[in-house]
Amino acid sequence: MPSAPQNLTLPIYLDHAATTPCDPRVVEAMLPYFTTIFGNPGSRNHRFGWEAEAGVDKARAQVAELIKADEKEIIFTSGATESNNLALRGAALMYEKNPQGSGKPRGHIISCIIEHKAVLDPCKRLQKEGFDVTFLEPPRDGVLTAEMVKAALRDDTILVSIMWANNEIGTINDIRAIGELCKSRDIIFHTDATQWFGKMPIDAYADNVDLMSFSGHKIYGPKGVGGLFVRRKRPRVRLTPLVDGGGQERGFRSGTLNVSGIVGLGKAAELAGREMSADAIRLGKLRKKLEDSITSRLDTCAINGNRDKRLPHITNISFGFVEGESLMMAVKEIACSSGSACTSASLEPSYVLKGLGVGDDLAHSSLRLSLGRWTTEQEVDYTIEKIVAAVKKLRDLSPLYDMHKEGIDLSKVEWAHH
Ligand SMILES: *Cc1c(COP(=O)(O)O)cnc(C)c1O
C-alpha cells in the first residue's frame, strides 16, 4: 500500500459538492460581526443597528452583482433548502388556480426526478395538498431540454422548477431556454442554482429566471445561510411567505437576520466573481487528468452524465465488477460520496443514478469526486493511484470479472473507452 507523500495530509477532501471549507478571507470578513458590530439590523434608532445593516447591505450588493440582479431582489434565508421551500411553496400558494377543497386541481407544477430532495420533497407535499406535479424523467445523460419541459406543459401549469446543475453528476440544464419557454407562457420559473451559483456566470434577467436558490456553504462561505433571487420586473414575482413575524426581507422571510453569515455569503460571492473562471479552468484540467488516468488504467468503468454539459469540478464514475461498500472501505483516505444513500435500515442506490437508468449494482459502485479551490495536483495523483489500486484488488477477487474478461456478456452497459 503506497503511503502518503510527506506534504500530503490524509484524508483528501474531494467532496466539495457536499460542502466547501470557508475561505479564510470570508472568515476574516465575518469576525467583527460576532463581537463589535453585533447590532440588530432592524434597530433603526442607533449606530449598532445601522452598522449591522450596512454589513447586510454590502453583502446584498455583492450577491446581486454576482448574478446581475437588483439588491432588492435578494432574499436571505438559512440555505438553499429553505430557499427552495420558499420558492416552490410560496409560488404555488400565491399562483394557485383553484382553492384547496374545491375538488379541482389547485394548479400544475413541473419538476424532475433527479432534482435535490430539497425540491422533490416540497413538490411532494404540494402534491398531497391538491396540486398536480409532473416529475420529468431525464434521458440517460441527465440533461433536460426545453423541448422535454414543453411537452409536459398544460393550460393550468403555474410553476416549473428545474435545477441549473446537478449535485451528483454535475450535468447542466439549458436554463436560459427553459426560462424563455416559461416566460412565453407566463409560467413562473424556479431554478435550484446551488451548484452553479458562484462557480459559473449568471445573468438573472438574460437567463430568464424568476426565482433562484443558492447557498453559502457550497461556495466557500459559511453554512446555514443562503438566498433566493426573487424577480421584481417582467414579471414582479409574488410569494406567500412560509414564516411570518417581523416582516424582514420585504416580508418574504421574517426573523432577525443572520448578519455574520450574510456578510460571509456576500464576501464569498465577491470572491467567486473574481476567481470562478480561473478556478474552473484549473479544476477542469485536474478533473480531466483524474478521469483520463482512471479510464485508461481501468476497463469497465463508466462516467455518469453528459460528458460535455457538465460542471468542470465534478465527476461521477461507476466501476463495474466491484462491490460498493468494499470500494468505499478501500478508498477511505479519499473523502468523497458514493452512489449509495444511507436510509434508516439499508443502503439504497442513489436515486439520481437510478433516475438515469443506471442499474442498482453499478449505482452502488459509483464514486462522486468533486474538486475545490484548494485541491492540488498532488492530491489528484494520489487519488488516481488509490482508486486504481483498490478497484484492481477488488476485481482480482471477483469471479464475475473473470467471466467478463473471458468475453461472457454480463450486461449491456456501455463502458467508457479511453
Ligand atoms: C446542497 C444543495 C442543496 C441544499 O443546500 P443547503 O444550503 O445545505 O440547504 C440544495 N440543492 C442542491 C442542488 C444542493 O447541492
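The values are calculated or read from the model by the stated rules, or taken from the named source; none is laboratory data. Treat the numbers as computed from the prediction; the structure is a model and nothing was measured. Every residue, glycine as well, gets a Cβ built from its backbone with ideal geometry; the counts of neighbours run over all protein chains shown. What goes into the accessible areas is simple: the full protein's heavy atoms, side chains included, and nothing from ligands, DNA or RNA. Shrake-Rupley method; radii C 1.70, N 1.55, O 1.52, S 1.80 Å.
A few remarks follow.
- For the chain, the longest principal axis of the C-alpha atoms and the axis of helix 47-66 are separated by about 50°.
- Rounded to the nearest 5, the antiparallel percentage of DSSP beta bridges internal to segment 118-237 is 45%.
- When Met329, Met148 are compared by accessible area at a 1.4 angstrom probe, the order from most to least is Met329, Met148.
- Contact order normalised by residue count of the chain, Cα under 8 Å, 6+ apart, percent: 21
- Qualifying trypsin sites (Lys or Arg not before Pro) in segment 44-81, where qualification requires a DSSP coil assignment and no more than 13 other C-beta atoms within 10 Å, comprise Arg44, Lys68.
- Taking all protein chains into account, the per residue accessible area for the chain stands at 44 Å² (1.4 Å probe).
- Among the listed pairs Lys124/Lys218; Lys332/Lys386; Lys223/Lys267, those beyond 19 Å (Cα-Cα): Lys124/Lys218
- Taking all Cα pairs closer than 8 Å and separated by 6 or more residues, the relative contact order of segment 1-119 comes to 11 percent.
- Global geometry of the chain, whether rounded, prolate or oblate, following the gyration tensor of its Cα atoms and the 1.5 cut on a/c: oblate
- With every protein chain in place, segment 24-272: carbon and sulfur % of accessible area (1.4 Å): 51
- Placing R0 at 45 angstrom, the Cβ-Cβ distance between Glu333 and Glu180 gives a FRET efficiency of 0.45 after rounding to 0.05.
- About the Cα centre, charge dipole magnitude for segment 24-272 (Lys/Arg +1, Asp/Glu -1 at Cβ), debye: 420
- Rounded to the nearest 10 degrees, the inclination of helix 117-128 to the longest alpha-carbon principal axis of the chain is 60 degrees.
- Rolling a 1.4 Å probe over the protein chains gives Asp381 an accessible area of about 60 Å².
- In the context of the full protein assembly, Ser277 retains an accessible surface of approximately 80 Å², using a probe radius of 1.4 Å and ignoring ligands and nucleic acids.
- Packing, as the average of other Cβ atoms within 10 Å across residues, places the peptides 86-93, 360-367 in the order 86-93, 360-367, highest first.
- Here's the list of aspartates and glutamates a cross-link from Lys199 could span, going by alpha-carbon distance under 18 Å and ignoring same-chain residues fewer than 8 apart: Asp15, Asp23, Glu65, Glu168, Asp174, Asp207, Glu270, Glu275, Asp279, Asp308.
- The listed residues Ser102, Ser318 rank as Ser102, Ser318 when sorted by accessible area, largest first, using a 1.4 Å probe.
- Each of Met200, Met163 has its accessible area taken with a 1.4 Å probe; listed largest first, they run Met200, Met163.
- Chain lengthening between Leu10 and Val388 when straightened (0.36 nm per residue, less Cα-Cα): 134.3 nm
- Rounded to the nearest 10 Å², the accessible area of Asp203 at probe 1.4 Å: 50
- Taking amide hydrogens as placed 1.01 Å from N in the peptide plane, the amide H of Ile110 sits under 5 Å from those of Thr134, Leu159, Val160, Ser161, each at least 5 positions away in sequence or on another chain.
- Within the chain, longest stretch free of exposed GluC sites (Glu not before Pro) [DSSP loop, at most 13 other beta carbons within 10 Å]: 130-405
- The value given for segment 24-272 is a Kirkwood hydrodynamic radius of 18.4 Å, derived from the mean inverse Cα-Cα separation.
- Stretching Phe48 away from Glu129 to a fully extended chain increases their span by 24.8 nm, per 0.36 nm per residue minus the current alpha-carbon distance.
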